[in-house]
Amino acid sequence: MNSNQLHQIICYNIFRVIELCYTQRVTTTWKDIYLFLRIPNVIWHDEPDLDEPILVSSEEELEMLRELLMAKFSTQH
């Protein structure tokens, strides 16, 4: 598995957690997601706003968040 595939898998799983929270109307944070998925701390330790709630109020916002995640993980690492 190459680095690009790994980043896509990470992105997909992060999105799935956010999508689940959206459908269950539960608020989560980036830190909660990273810890839940056991993503190594080295990937996210210096991100700002780790404890800020992720608020998604519509399907359109959910889709935009998915696109942002894809862009972030394809360029960050």
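Couple of notes before you dig in:
- Compared with the dominant principal axis of the Cα atoms in the chain, helix 59-76 is inclined by about 20°.
- Farthest toward positive dipole pole in the range 3-72 [+1 Lys/Arg, -1 Asp/Glu at C-beta], among Pro40, Leu68, Val56: Pro40
- Formal net charge of residues neighbouring Thr29 (Cβ-Cβ distance under 10 Å; K, R +1; D, E -1): -3
- Acute angle (nearest 10 degrees) that the helix 3-24 long axis makes with the longest principal axis of the chain, alpha-carbon atoms: 10 degrees
- Based on C-alpha pairs under 8 angstrom that are at least 6 apart in sequence, the range 3-72 has a relative contact order of 38 percent.
- Where trypsin sites (Lys or Arg not before Pro) fall in DSSP loop in the chain, at most 13 other Cβ within 10 Å: Arg25, Arg38
- Net charge over other residues, Cβ less than 9 angstrom from the Cβ of Asp51 (K, R count +1; D, E count -1): -2
- Taking amide H as placed 1.01 Å from N in the peptide plane, the amide H of Thr28 sits under 5 Å from that of Ile54, each at least 5 places away or on another chain.
No lab work stands behind these numbers, since they all come straight from the coordinates. These figures come from a predicted structure and were not determined experimentally. Every residue, glycine as well, gets a Cβ built from its backbone with ideal geometry; the counts of neighbours run over all protein chains shown.
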